[in-house]
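The values are calculated or read from the model by the stated rules, or taken from the named source; none is laboratory data. Just so you know, these numbers come straight off a predicted model, no measurement behind them. Using ideal geometry, Cβ is built from the backbone for each residue, glycine included, and neighbour counts are taken over all protein chains shown.
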Ligand SMILES: Cc1ncc(COP(=O)(O)O)c(C=O)c1O
């Protein structure tokens, strides 16, 4: 199994990025639950035949869809070790929790947060953002909100983020009981960054109308084009207006590791809370989301609940309080920290920073290729590693979507789509450390070939 999966990663370039599952194969996953014992080798054979060739493909250098990380073998092997230990990191006194605590300290250092900052591994930034919103809610209403609910506070809380923010911010408002409509979606400027003047106007209007503004969410690396809000300006605004300042840095926050990019995140060190993923630009295998809160005491009081069966002691296995379960909703938690610890110790922050920097250079390379190709047009600025472009011509908005599906089905490249100013764009997010210039050349060549083919079949 180890040989097979190492070969898979080593030889990934020779495979199609992705291929659709044949319907008869899909049917094989409708079999009845096994009641009798089976043979491990047979199950592994089935994995090799029916699962491995039909994965998403994000380890492949031609994968550029959404914002998926490429993973790395050190992290992969750490996952195996973690599974062998079968540690539960909800709590108790054991070395795996010290590994997670070590990473909290490393992250605190990377982002320049003070001592007393808390941190927690979660599945991904969606949950990390939810935790940020819940701590902000407790800051605004007091932790009694946990017992009495938001209605008892008799305040209509409002939060603010830009139109370019990820949908999970609205979802966090929903899940926290504040409601999606309590999230004010603010316009962006020409660089797709939140317009702080429009933000100020919205906050004033809400205060005048009897609402209680409590939270502003900035984005470090928007999901559509990778723009970075002016975090320093937002931090100052939030401080002046007494708002909680949360940063969604899902993929962009780790640009702190790249010396050429880090200055663009200025202000992130002033956030009250920060959400990001190690599984994107950090190249750690899925999943490894992370949330950090400047006021660790408030973070803890937002989630900690006494329970007889979780009683803490000064010695024995129940020592070592506080436990990770005091900082989030999960009680049973896997050893996500180990694959991050291995990745950081084996590769170091400099090499990871260089990968991040390099993928932004590749973004510029792709931008230049698009600008030099008459059939193609750039549809958005390229501040980081995401390039949105389109094939000129074609009668409708759907052409770029068709080309993307053609690309994915061809196995040559797998970008995704997004909408930029009402137009469907081909979106290449360069995240994988294995991606090279030749992969971008293959993407451009295939877009031109599929675009011409589609135009010809429309004309016919
Ligand atoms: C800016 C931003 N926020 C949040 C998320 C959601 O993160 P996750 O998929 O890890 O939950 C993403 C995912 O791409 C993102 O780009």
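Observations on the model:
- Filter result for residue 183 (within 16 Å of the ligand (Cβ to nearest atom), at pLDDT 95 or above, closer than 30 Å to residue 109 by Cα and in contact with a strand residue (DSSP E or B) (Cβ under 7 Å, 6 or more places away or on another chain)): no
- Filtering 215, 199 for residues that are modelled with pLDDT of 95 or more and within 16 Å of the ligand (Cβ to nearest atom) leaves a single hit, 215.
- Yes/no for residue 301 being surrounded by fewer than 20 Cβ atoms within 10 Å (Cβ to Cβ), more than 16 Å from the ligand (Cβ to nearest atom) and either in a strand (DSSP E or B) or at pLDDT 95 or above (or both): yes
- Residue within region 428-442 that is in contact with a strand residue (DSSP E or B) (Cβ under 7 Å, 6 or more places away or on another chain), more than 26 Å from residue 75 (Cα to Cα) and touching a residue at least 24 places away in the same chain (Cβ under 8 Å) present: no
- Region 361-379 - residue that is in a helix (DSSP H, G or I) and out of contact with any helix residue (DSSP H, G or I) (no Cβ under 8 Å at 6 or more places or on another chain) and, of those, surrounded by the most Cβ atoms within 10 Å (Cβ to Cβ): 363
- If the condition is being within 22 Å of residue 61 (Cβ to Cβ) and surrounded by fewer than 19 Cβ atoms within 10 Å (Cβ to Cβ), then region 388-415 contributes 405, 406, 409, 410, 411.
- Residue in region 315-324 that is closer than 21 Å to residue 268 by Cβ and either touching a helix residue (DSSP H, G or I) at 6+ places or on another chain (Cβ under 8 Å) or within 16 Å of the ligand (Cβ to nearest atom) (or both) present: no
- Pair list, Cβ under 7 Å, 6 or more apart: region 245-264 residue without any contact (Cβ under 8 Å) to a residue 12 or more places away in the chain, other residue within 13 Å of the ligand (Cβ to nearest atom): 262/255
- Residue among 284, 293 that is in contact (Cβ under 8 Å) with a residue 24 or more places away in the chain and closer than 19 Å to residue 83 by Cα: 284
- Selection of helices (runs of 4 or more DSSP H) fully inside region 39-123 by the criterion of at least 3 residues being surrounded by 20 or more Cβ atoms within 10 Å (Cβ to Cβ), modelled with pLDDT of 95 or more and in contact with a strand residue (DSSP E or B) (Cβ under 9 Å, 6 or more places away or on another chain) returns 95-111.
- Yes/no for residue 229 being more than 22 Å from residue 271 (Cα to Cα), touching a residue at least 40 places away in the same chain (Cβ under 8 Å) and in contact with a strand residue (DSSP E or B) (Cβ under 8 Å, 6 or more places away or on another chain): no
Results for (1) under 30 Å from residue 401 (Cα atoms); (2) in contact with a helix residue (DSSP H, G or I) (Cβ under 9 Å, 6 or more places away or on another chain), shown as yes or no for each residue.
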| residue | (1), (2) |
| --- | --- |
| 45 | no, no |
| 48 | no, yes |
| 53 | yes, no |
| 59 | yes, yes |
| 74 | no, yes |
| 81 | no, yes |
| 88 | no, yes |
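- The set of residues in region 270-291 being touching a helix residue (DSSP H, G or I) at 6+ places or on another chain (Cβ under 6 Å), more than 10 Å from the ligand (Cβ to nearest atom) and within 24 Å of residue 241 (Cβ to Cβ) consists of 270, 273, 291.
- Unique residue being under 18 Å from the mean Cα position of the chain (by Cα), within 30 Å of residue 435 (Cα to Cα) and assigned to a helix (DSSP H, G or I) when the list is 255, 275: 255
- So residue 340, is it closer than 18 Å to residue 417 by Cβ, in contact with a helix residue (DSSP H, G or I) (Cβ under 7 Å, 6 or more places away or on another chain), modelled with pLDDT of 95 or more and outside any strand (DSSP E or B): no
- For first residues located in region 37-64 and farther than 23 Å from residue 414 by Cα, partners that are at pLDDT 95 or above and lie 6+ apart or on another chain with Cβ distances below 6 Å form the pairs 44/1.
- Taken across region 129-137, residues that are in a loop (DSSP other than H, G, I, E, B) and either farther than 17 Å from residue 220 by Cα or at pLDDT below 95 (or both) do not occur at all.
- Check on residue 167, free of Cβ contacts under 8 Å to residues at least 12 places away in the same chain and within 14 Å of the ligand (Cβ to nearest atom): yes
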